[in-house]
1. Please find, in a Gaussian network model of chain A (springs between Cα atoms separated by less than 10 Å), the residue of A:Ile26, A:Ile78, A:Ile136 whose mean-square fluctuation is greatest.
2. Tally Lys and Arg at +1 and Asp and Glu at -1 over the other residues with C-beta under 15 Å from the C-beta of B:Pro8: what net charge comes out?
3. Going 7 Å from the Cα of B:Glu462 toward and past its Cβ, which residues in the range B:407-421 have a backbone nitrogen under 16 Å from where you end up?
4. For the pair B:Glu250 and B:Ile379, how long in nm is the line joining their label points, each one 7 Å along Cα→Cβ?
5. Give the angle, between 0 and 90 degrees and rounded to the nearest 10, that separates the Cα long axis of helix A:8-31 from the longest principal axis of the Cα atoms of chain A.
6. Can you work out the FRET efficiency for the pair B:Val438 and B:Tyr3, with r the C-beta to C-beta distance and R0 = 56 Å, to the nearest 0.05?
7. Taking B:Lys112 as the anchor, which lysines have their alpha carbon closer than 18 Å to its alpha carbon, excluding any fewer than eight residues away along the same chain?
8. State the Cα centre-to-centre distance between the range A:76-100 and the range A:1-60 in whole Å.
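Bear in mind that the values in this text are calculations on the coordinates, not laboratory data. Model, not experiment: these values are computed from the prediction. Ideal geometry is used to build each Cβ from the backbone, glycine not excepted, and the neighbour counts take in all protein chains shown.
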Amino acid sequence: MQKLPPTVKTVWRWRLFSVLLGSMAIILLASFWFVNWRFWLGVIASIGLLCGMLTLTILIPYNYAFHKYAIYENRVEIQKGFIIKRESTIPIARIQNVNVQQGPLLKSQHLYEVSIETAGDEHTIAAVTKSESEQIRQQVMTLAMEARNAI
Amino acid sequence: MQYRHLHPLSIFIFLRYSIFGGVIPLIFVGGIGGSLIFLIMLCYAVFYFWNFKYAVTADQIWIQRGVIIKKQEHIPLKRLQTIHHQQSLWLQPFKLETLKLATASKHGFQIKLAFVPQSVGKLVEEHYHAALQQTVAPVNETNTVATSDGSNDLSTPLSVETVADYRINVRDMNLFAATSFRILLFVALFPRYTINILNTFKVYVWPILFHWTGHGAIFVTVLLTFLIAFVVSYLSLWIQYYNFHLTRQEGYLIFSHGLFNHDTIKIREHRIQGVVLERNMIREWLGLFSVKLIMISDENGHSIKSQPVILPVIRKAEWLNFQSQFLPWIPVNNPQMSAPRQRSGWLFFRNAALLLILIASVLTYWWLQYWRLIAIALILGLPLALGNALYKQKRTRVGLTGSTTDAFLYLQTSRYLISRTIVVNWHQIQSIRFQQSVWMNKSHLAHLTINIRSGESEVKVEMRYLDASVAKRVYTWYRQFQ
């Protein structure tokens, strides 16, 4: 099974930073309605810092270590997590489409998010390099078409 | 092309749709402005009606609709998968019906022809069968389902003769109507109506009742609420499944039922993705269950509750015979179902209890003055949660009819004292997810989520707290390939 590229951790750290900043700013703005906004500033800052430290030191490395995927001839397997372990198997023949997308954060690290769609559901691989994304897409779509013709 | 318009009564249908969009301005504007908006919507409905044209030819259905942007749709009759005739009681004198047609397209392409003459409905059926009798249909559909008797071959002409016929006997129908959980729906969701009835009761009857029975009048009132709800639910089920009739033609199932709204639905067998056998606690005790189908490209779709029922009630003893006649592709022998684990019963209870305690705490925090009431509700709720957990534990089981990809997977789960067994083939499963936390690893348990294609998306069947080796066996079975 293959791990995600290590640069995805940088993307996640930036994502965390922007989410924290955004939510703290919103709560701070809202807290201007209260009389004692300095107190609230302290509370928000410390909660934000705590969440940030927790995610940075524990969650991001944890997610990285345990997010794996593998593409075989007849199925795609995706594995996530350790404390709560989730393994999914999708037969290639059931795959309708493979979508690749890239937001600004992923773009800064030259990474892509791959989304494998079956009829009505989708499974994502959080980040892969450009060459990997093309390879996955081509491989899966070719195998998918072969499998469908074979049935 | 010789086209037709829908019946003018359909203007009301179009008006209803535009009212849903325009009801807000009506409420706020009111008066002259409101009436003006209503007039505009009426005009639009009339224009839409005038611009809705359709034609049924020997090999296709042609529809043109739209006021500003005109849209044309051509549907080859050969690609139809479902033909649904719906006739309300008040349309019978006009001899009109509503036709809903679905093809195998990925987006569950639905054509709805409201208020067409019944003769048109018959014409569609005739041309449909004629079209199928002709040349070979192209087998390039991406959603072909491999059924165990290989009936996904569309090249063989399908005959119109009835292969099997089934009607429910009155006694079973009575039991079915009397044992539904729908009564709870009427008691809980429509308190307005029961309260109105009770108010009448309170004003006229209560003084007399109190005079006779004293404080027992409260008990009688509660009893009467349930009685009224029971009668309403009983009648509503009888009306919904009145004159239920199921027939099977080669490759099709046709079922019809209903008193005020008569429905006739014809479905293509190879669209069936799975079968659900459903029974609540009372019906299980009586040996009855309902049979539902999970289908591709259907009007409903996301939950098992909303699947079209093919059979509202059948006796357990009759099931084998029925299955061989109507669902011959299901294996005859039921597999050995896995043994439930004691620990899962405790975990179901623990999860429910934690949720109840959380809700109780939040409610107490908000409404501290009602803490006694909340505490009583909690004390009553916990034994119910325990009962539900034990019921659920005994009915969370899986079974496999074989070890190849021809095998069928039987999944039994339960939710709120309604137990369901889902029968699905390897090819009809879209994906499986195996889930296990570190604590579940220690107690050798696992969750399994099976995705089955349904409607435009899918149905997720969650098997929780299964024995880990059983779950692993199913997961490994799914990961094998020919």
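1. A:Ile26
2. On the way: positive: B:Arg4, B:Arg16, B:Lys53, B:Lys95; negative: none.
That sum, taken over residues with Cβ under 15 Å, equals +4.
3. Correct set: B:412-418, B:420.
4. So the label points at B:Glu250 and B:Ile379 sit 6.9 nm apart.
5. 40 degrees
6. Numbers: r = 66 Å, r/R0 = 1.19.
FRET efficiency, B:Val438 to B:Tyr3: 0.25.
7. B:Lys53, B:Lys70, B:Lys71, B:Lys78, B:Lys95, B:Lys100, B:Lys122, B:Lys266
8. Each part's Cα centre sits 29 Å from the other's.
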